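Novice: This is the structure, below, for whatever I ask next.
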Amino acid sequence: MQKGNIGVTTENIFPVIKKFLYSDHEIFLREMVSNAVDATQKIKTLADKGDFKGELGDLTVRVSLDEKNGTLTISDHGIGMTEEEIDKYINQIAFSGVNDFLDKYKDNANAIIGHFGLGFYSAFMVSKKVEIVTRSYQEGAKAVKWSCDGSPEFTIEDAERSDRGSDIILYIDDDCKEYLEKNQIEELLQKYCKFMSVPVAFGKETEWKDGKQQETDKDHIINNVEPLWTKTPSTLKDEDYKSFYRTLYPMQFDEPLFWIHLNVDYPFNLTGILYFPRIKSNIDIQRNKIQLYCNQVFVTDQVEGIVPEFLTLLHGVIDSPDIPLNVSRSYLQSDRDVKKISTYITKKVADRLNSIFKDNRKEYEEKWDDLKIFINYGMLSQEDFYDRAKDFCLLKDVDGKYFTLDEYKTLIKDNQTDKDGNLVYLYANNKEEEYSYIEAAKAKGYSVLLMDGQLDTPIVSMFEQKLEKSRFTRVDADIIERLIVKDDTPKNELDATQSDNLSETFRSQMPKLDKTEFNVEVQALGEQAQPVIITQSEYMRRMKDMSRYQQGMSFYGQMPDSYTLVLNSDHPLIKKVLDEETTSIAEQLKPIESEIKGLDARLSAIRQMQDKKKYDELTQDDKDMRSNAEKELNEQKDKKNGVISEYAKNNAIVHQLIDLALLQNGMLKGASLDAFLKRSVDLIK
């Protein structure tokens, strides 16, 4: 019997392992089963090369629980170990010193294991004692038993084992009793070992017999040793890919849009299948749906840094032996091979999308509404993807027709170029809510895009930067005559006083809505145009939308919504309001307007005189004179506005026109909507 100390430079390695690996303690099972699979693969390789001439026999790796004795055992029929190999591979740990160890890896369980080759020792995270009973495949080898109770001391002694292979027996610690529960072990095996390359058995299959579930003699194999990504794409059918998708995501009820089978062996090895899922809302976006494997061993489902950010929206599997099994994500992001993999995946996805677009544009267009969130996200987040995607990125108009960027530019350049040579792309976010604005644009012969996607606000801004002399404007951003200005705007025939009075008539009756401001202006739009139109500034609306996506823009989100109520001075109803107002309150306004005119002239003279002086040359009397004149003028204006407001308050047409404009924009609700309905009935009578 041999006794000795494990070759480490510190007495407290096991408490360190237990403490600093504990946050990721469940991976011990992956490590144990992986080692068993490796040992099994090695015997198969030796047999293939003729270095092992015996019978391979049943190569299944078996995981078994003994709740009574508190043990979890992982057994294989692989190459086994001799006493010398145990001494070399188990007892000697390349370990430079605890201080360096803690400083460098204290926050990173995976990197500790991978960097120091401590895979086997992860068993001590959950075990108070570990035993290895093993027998080498080599002729004449004897079975040995290695035992360690979590201190640097170990024992090696002769053991009984009739055939080659190893049993790793974990005596589960008192604070880790959940690893003696069948359901917990089943769950971990499904997570980490589902596609390992050697059969892994855990318990027996069950069947319904005599009114209850009973075990059979058949092993319960938890893994598929030849998952779909390991097979040649040309041998697979669509249903194979769909079936595998259901295996990966049993709770995902929608079929994927399509998939990309990755298969490369230079300059690195990479296989996998990436699926484009259907995303209906932000709730569906989950970034942990791509599973990373290393030689069919599950590593992580947090693949940022391995897969380009925009493709973390995809589902599927990536398997690469060039990614170390136990690595942290921060290490992955700095790994040169990983960056190459990320670049390759981007190119492969772009090539696949481009080929679908070219080979079957009809199918591509049918899937565009689901696809565009991936492509838009890619173009926004990755410059080189925009360069690839601009040829198969589509624009959709409100009639459901699709265009490439170049096709749409050709379509609108003759009719939608303004007087400054800018190409104006008109768009709507909601066909129903912006219907009348869309129809007004169509009546002008304009094309209107439908931009109702989750990322269309930042996409619009990106296109304005990328496309030469182009701007995007929502159809309700202004009156139709000013959306694409081709010549001088028609002049308003009303004089300044009439325009001011008309504006105040409507302004005084605008509702007080939370975080909402209304401006009023008068424009000559023609008799056929609407009498009243509400528009919203493209710039401010877009900035508020962008504040939801970009940090540092939140102050825009706090600003009130700003709308403009445009009064069409050519429309008969607006003329009627003005005529009735002039008839009703002209006599009341006449002396006030005369006073305003005189005060305006006086204030203008005072300003002209005082502007010739420097500010410090003005006396207090000068300042008081100007202040008093401004005060008197404002008082007269307030008096005038009061007369107009009192008149407008009882004018049903004014209120009806305002409410119609609000209703068109979904802004008429509650008591205001009820009043509008009652007024409408009264007007019909």
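The values are calculated or read from the model by the stated rules, or taken from the named source; none is laboratory data. These numbers were taken from a predicted model, which means no experiment stands behind them. In this analysis, Cβ positions are derived from the backbone assuming ideal geometry, glycine residues included, and neighbour counts consider all displayed protein chains. Accessible surface areas use protein heavy atoms only, side chains included; no ligands, DNA or RNA. Shrake-Rupley method; radii C 1.70, N 1.55, O 1.52, S 1.80 Å.
Novice: Quick check on segment 517-545: of everything there that is touching a residue at least 60 places away in the same chain (Cβ under 8 Å) and over 19 Å from Gln656 (Cβ atoms), which residue is most open to solvent (accessible area, probe 1.4 Å)?
Specialist: Ser537
Novice: What are the pairs, 6+ residues apart or on separate chains, where a residue within segment 118-135 that is buried (at least 24 other Cβ atoms within 10 Å of the Cβ) has its Cβ under 7 Å from a residue that is of a type in the set (Asp, Glu)?
Specialist: Here the result reads Ser122/Glu31; Val126/Asp173; Ser127/Asp173, each pair linking segment 118-135 to a residue that is of a type in the set (Asp, Glu).
Novice: Inspect all residues belonging to segment 490-497 and state whether any of them is in contact (Cβ under 8 Å) with a residue 60 or more places away in the chain, within 27 Å of Asp414 (Cα to Cα) and not in a loop (DSSP other than H, G, I, E, B). It would help to see each step written out before you state the result.
Specialist: At the first step, the residues of segment 490-497 found to be in contact (Cβ under 8 Å) with a residue 60 or more places away in the chain are 492-494, 497.
This time we only want the ones that are within 27 Å of Asp414 (Cα to Cα), so: none.
No, segment 490-497 has no match at all.
Novice: Now for a different question. Quick test of your reading of the structure: Met609 fulfils all but one of (1) touching a Gly at 6+ places or on another chain (Cβ under 7 Å); (2) part of a helix (DSSP H, G or I). Name the failing condition by number.
Specialist: All conditions pass for Met609, except number (1).
Novice: Further question on the same structure: When the residues of segment 645-665 are filtered to those that are β-branched (Val, Ile, Thr) and in contact with a Leu (Cβ under 8 Å, 6 or more places away or on another chain), which remaining residue is surrounded by the fewest Cβ atoms within 10 Å (Cβ to Cβ)? Break it down into steps so the answer makes sense when it comes.
Specialist: Quick first cut of segment 645-665, residues β-branched (Val, Ile, Thr) only: 653-654, 658.
Then drop every residue that is not in contact with a Leu (Cβ under 8 Å, 6 or more places away or on another chain), which leaves 653, 658.
Values: Ile653: 16, Ile658: 24.
Among those that are β-branched (Val, Ile, Thr) and in contact with a Leu (Cβ under 8 Å, 6 or more places away or on another chain), it is Ile653.
Novice: Looking at segment 474-485, which of the residues that are assigned to a loop (DSSP other than H, G, I, E, B) and touching a strand residue (DSSP E or B) at 6+ places or on another chain (Cβ under 8 Å) is modelled with the highest pLDDT? Reasoning before the result, please.
Specialist: To start, the set of residues in segment 474-485 that are assigned to a loop (DSSP other than H, G, I, E, B) comprises 475-479, 484-485.
With touching a strand residue (DSSP E or B) at 6+ places or on another chain (Cβ under 8 Å) added as a condition, the list becomes 475-479, 484.
On the way: Val475: 92, Asp476: 89, Ala477: 88, Asp478: 87, Ile479: 86, Ile484: 89.
If we take residues in segment 474-485 being assigned to a loop (DSSP other than H, G, I, E, B) and touching a strand residue (DSSP E or B) at 6+ places or on another chain (Cβ under 8 Å), then Val475 is modelled with the highest pLDDT.
Novice: Which one of these does Leu395 not meet: (1) touching a Cys at 6+ places or on another chain (Cβ under 7 Å); (2) not in a helix (DSSP H, G or I)?
Specialist: With (1) touching a Cys at 6+ places or on another chain (Cβ under 7 Å); (2) not in a helix (DSSP H, G or I) applied to Leu395, the lone miss is (1).
Novice: Looking at this structure, is Glu439 under 28 Å from Pro531 (Cα atoms), open to solvent by 40 Å² or more (accessible area, probe 1.4 Å) and in a loop (DSSP other than H, G, I, E, B)?
Specialist: Working: under 28 Å from Pro531 (Cα atoms): yes; open to solvent by 40 Å² or more (accessible area, probe 1.4 Å): yes; in a loop (DSSP other than H, G, I, E, B): no.
In short, no.
Novice: Please state which of the following conditions Ala389 fails to meet, knowing it meets all the rest: (1) more than 21 Å from the chain's Cα centre (by Cα); (2) modelled with pLDDT of 90 or more; (3) within 19 Å of Pro308 (Cβ to Cβ).
Specialist: (1)
Novice: While we're here: Of the numbered conditions (1) at pLDDT 90 or above; (2) assigned to a helix (DSSP H, G or I); (3) surrounded by fewer than 21 Cβ atoms within 10 Å (Cβ to Cβ), Tyr446 fails exactly one; give the number of that condition.
Specialist: If we test Tyr446 against (1) at pLDDT 90 or above; (2) assigned to a helix (DSSP H, G or I); (3) surrounded by fewer than 21 Cβ atoms within 10 Å (Cβ to Cβ), just (2) comes out false.
Novice: So, in segment 449-473, how many residues would count as being outside any loop (DSSP other than H, G, I, E, B) and closer than 14 Å to Gln416 by Cβ? Can you show your working first?
Specialist: Taking segment 449-473 first, the residues outside any loop (DSSP other than H, G, I, E, B) are 449-450, 456-466, 470-473.
Then drop every residue that is not closer than 14 Å to Gln416 by Cβ, which leaves 449, 470-473.
Adding up the residues that qualify gives 5.
Novice: Going through segment 139-157 one residue at a time, which ones are touching a Phe, Trp or Tyr at 6+ places or on another chain (Cβ under 9 Å) and either under 22 Å from Glu55 (Cβ atoms) or without any contact (Cβ under 8 Å) to a residue 40 or more places away in the chain (or both)? First the steps, then the outcome.
Specialist: Start the filter on segment 139-157 by keeping residues that are touching a Phe, Trp or Tyr at 6+ places or on another chain (Cβ under 9 Å), which leaves 146-152, 154-157.
Ser147, Asp149, listed by residue number.
For (1) closer than 30 Å to Gln454 by Cα; (2) assigned to a helix (DSSP H, G or I), each residue gets a yes or a no:
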{"position": "Gln214", "(1), (2)": "no, no"}
{"position": "Asp217", "(1), (2)": "no, no"}
{"position": "Asn223", "(1), (2)": "no, no"}
{"position": "Lys242", "(1), (2)": "yes, yes"}
{"position": "Glu255", "(1), (2)": "yes, no"}
{"position": "Ile260", "(1), (2)": "yes, no"}
{"position": "Pro267", "(1), (2)": "no, no"}
{"position": "Tyr275", "(1), (2)": "yes, no"}
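Novice: Please verify whether Leu660 is under 28 Å from Gln530 (Cα atoms) and in a helix (DSSP H, G or I), treating the condition exactly as stated. Before the answer, list the steps.
Specialist: Details: under 28 Å from Gln530 (Cα atoms): yes; in a helix (DSSP H, G or I): yes.
Here the answer is yes, as Leu660 does meet what is asked.
Novice: Return yes or no: is Ala428 among the hydrophobic types (A, V, I, L, M, F, W, C) and open to solvent by 30 Å² or more (accessible area, probe 1.4 Å)? Talk me through it step by step, then tell me what you get.
Specialist: On the way: among the hydrophobic types (A, V, I, L, M, F, W, C): yes; open to solvent by 30 Å² or more (accessible area, probe 1.4 Å): no.
When the stated conditions are applied, Ala428 does not pass them.
Every residue, every condition in (1) hydroxyl-bearing (Ser, Thr, Tyr); (2) in contact with a Ser or Thr (Cβ under 9 Å, 6 or more places away or on another chain), yes or no:
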position: Ala350; (1), (2): no, no
position: Asn360; (1), (2): no, no
position: Leu371; (1), (2): no, no
position: Ile375; (1), (2): no, no
position: Gln382; (1), (2): no, yes
position: Lys390; (1), (2): no, yes
position: Val398; (1), (2): no, yes
position: Tyr402; (1), (2): yes, no
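Novice: Within segment 46-71, work out how many residues are part of a helix (DSSP H, G or I), aliphatic (A, V, I, L, M) and free of Cβ contacts under 8 Å to residues at least 24 places away in the same chain. Write out each step before concluding.
Specialist: At the first step, the residues of segment 46-71 found to be part of a helix (DSSP H, G or I) are 46-49.
Cutting the leftovers down to aliphatic (A, V, I, L, M) gives us 46-47.
Within this subset, residues satisfying the condition of being free of Cβ contacts under 8 Å to residues at least 24 places away in the same chain are 47.
Total satisfying the criteria: 1.
Novice: A further question follows. Regarding segment 39-53, can at least one residue be identified that is of a type in the set (Phe, Trp, Tyr) and open to solvent by 50 Å² or more (accessible area, probe 1.4 Å)? So that I can check it myself, show each step before the final result.
Specialist: First, the residues of segment 39-53 that are of a type in the set (Phe, Trp, Tyr): 52.
Still in the list and also open to solvent by 50 Å² or more (accessible area, probe 1.4 Å): none.
No, segment 39-53 has no match at all.
Novice: So, Gln588, is that one of a type outside the set (Ser, Thr, Tyr) and either open to solvent by 40 Å² or more (accessible area, probe 1.4 Å) or under 30 Å from Lys431 (Cα atoms) (or both) or not? Break it down stepwise before answering.
Specialist: Numbers: of a type outside the set (Ser, Thr, Tyr): yes; either open to solvent by 40 Å² or more (accessible area, probe 1.4 Å) or under 30 Å from Lys431 (Cα atoms) (or both): yes.
So Gln588 passes the test.
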